[in-house]
Amino acid sequence: MKPQVKPSFSPASSRLARQVCQLCAVVIFSVAATSLSAADFTNAYASWIKPWADRPATSPALETPLKLIISNVRGETNADAVVAMTPMERLNVAYHIQVSATEVATNGGFRSYIVSNTDARTGDVRWLSPNEIGQLDELISILPEDNSQLPPAGNRIVFQFRADGQWRIRVYDGNNLPPEAHAILNLLAKPYAKLF
């Protein structure tokens, strides 16, 4: 039996990859701008999730509607620390933000991509079995509330999913994920060691 090799990401040269890059660049810079320009942090959660809430629930690579998008945001700094930074320090923080994401379509197709200010790579479309789709739906239905509280910056994981006909958002600490969220990451990572 041949060992399984994780598929490599191809350089972003196709039209699809450029579209993904453009979408994610908007998300990256929106997240950075929101975090870096907010003088009033009383509603930090609503400000931080706005780019995610405004993001279309479609994908140029997956031809059916999306049921789930998981994004791992690395390289951020907590907003209260950013306030004390110089403009150059703020640009440096924004420059180092990286988003790794996985989109899951309603038909079970899913694919991952990575976007930063210097790179954009997309992976191949893979498929969940009908049994795995059922498992995923069950796990999504029991994702715990995040109580509209942002976890510490640096390793935030954003779950966007459909529930009751609406898109919902949960933001968790990637270093302290709820078991249900961790189970979703493990399900989508199969047969590899990890998703992100």
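Kindly put LYS194, LYS67 in sequence by how many other C-beta atoms sit within 10 Å of each C-beta, fewest to most. Each step should come with its number before you reach the end.
Values: LYS194 9, LYS67 20.
Taking fewest neighbouring Cβ atoms as first place, the list is LYS194, LYS67.
Taking neighbour counts of Cβ atoms within 10 Å as a proxy for exposure, in what order, fewest first, do TYR192, TYR172, TYR113 appear? Present the calculation step by step, with values, prior to reporting the outcome.
On the way: TYR192 12, TYR172 20, TYR113 24.
So the ranking, lowest neighbour count to highest, is TYR192, TYR172, TYR113.
Please list, ordered by chain and number, the residues whose modelled amide H lies under 5 Å from the amide H of LYS67; skip anything fewer than 5 residues away on the same chain.
Distant-sequence amide H within range of LYS67: VAL104, ALA105, THR106.
Which value results when the Cα radius of gyration for segment 52-196 is divided by 2.2 N^0.38 Å? Write out the running numbers ahead of the final one.
On the way: Rg = 15.8 Å, N = 145, 2.2 N^0.38 = 14.6 Å.
My calculation over the Cα atoms of segment 52-196 gives 1.08.
Quick one: if you stick a label point 7 Å off each Cα along the C-beta vector at ALA84 and THR58, how many nm between them?
Between ALA84 and THR58, the simple spin-label model gives 4.6 nm.
Subtract the Cα-Cα distance of TRP167 and GLU145 from 0.36 nm times their separation in residues, and report this length gain in nm to one decimal.
Details: separation 22, 0.36 × 22 = 7.92 nm, distance 1.38 nm.
Length difference between fully extended and current span is 6.5 nm.
In nm, to one decimal, how far is the ASN117 label point from the TYR45 one, both placed 7 Å along Cα→Cβ?
Output for this residue pair reads 2.9 nm.
Any read-out appearing in this document is the output of simple, stated calculations on the displayed coordinates, not a laboratory observation. Values in this document were obtained by computation on a predicted structure and should not be read as measured data. All Cβ positions, glycine included, derive from the backbone under ideal geometry; neighbour counts span all protein chains shown.
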